[in-house]
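The values are calculated or read from the model by the stated rules, or taken from the named source; none is laboratory data. All values derive from a computational prediction rather than experimental measurement. All Cβ positions, glycine included, derive from the backbone under ideal geometry; neighbour counts span all protein chains shown.
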Amino acid sequence: MVVVVLVCVLSLFLAYVSVSSVWTPHPLSSDVFPERNAPSEYEGVFPWSRLSYPLYLNVYHTPFDQLTWVYPLAYGQVRFSMFFASAKILVVNGTFSYLAYAMGPMPLSYNIDFLFSHSRDFFYFLLAMVTFFNIIGSLLGIILAKTLHKTISK
């Protein structure tokens, strides 16, 4: 029982690190926007973004600048893709925005076109999905190890 609880906690931790690595890019980083108004693909910081492999996340940003003197907001389109061993299993579109004149890195704000339109709810959905797959994989590994141990010890 203790092993199952430890597997669940470790699976949640690995899922959180993996999803957060891709979820929170900074707009002033050359990883997100290598050139002004150029689309970019962001897979997070390796190895943190691949801790839940074979399930991993990818984000594609297409920026548009809308700068006004009243509210300097830069925005664009975003596409989240979830992969299972290089096979795309989920694609979700939306928009992102950030304050363009911020001095220093600032996280992006997302508006998602999905069942969960609020970015926090979508983040929790991704976290739950990755955690679920991590737990299933870990439990299958434990069952396989116990079966192998019984087979070898006979």
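Would the range 141-154 turn up any residue that is out of contact with any strand residue (DSSP E or B) (no Cβ under 8 Å at 6 or more places or on another chain), under 20 Å from F83 (Cβ atoms) and either surrounded by 13 or more Cβ atoms within 10 Å (Cβ to Cβ) or modelled with pLDDT of 80 or more (or both)?
Our first condition is that a residue be out of contact with any strand residue (DSSP E or B) (no Cβ under 8 Å at 6 or more places or on another chain); within the range 141-154, this holds for 141-154.
Of the ones still in play, those that are also under 20 Å from F83 (Cβ atoms) are none.
No, that holds for no residue.
Name the pairs whose Cβ atoms lie under 6 Å apart, with the first residue in the range 67-90 and surrounded by 16 or more Cβ atoms within 10 Å (Cβ to Cβ), the second at pLDDT 85 or above and assigned to a loop (DSSP other than H, G, I, E, B), and 6 or more positions between them or separate chains?
Pairs found: none.
In the list S52, S21, S30, which residue meets the criterion of being at pLDDT below 80, assigned to a helix (DSSP H, G or I) and of a type in the set (G, A, S)? Outline the logic, then answer.
Numbers: S52 fails: assigned to a helix (DSSP H, G or I); S30 fails: assigned to a helix (DSSP H, G or I).
Unique residue meeting the criteria: S21.
Which residue is modelled with the lowest pLDDT, if the candidates are limited to the range 77-118 and must be closer than 18 Å to V19 by Cα, assigned to a strand (DSSP E or B) and small (G, A, S)?
That would be S109.
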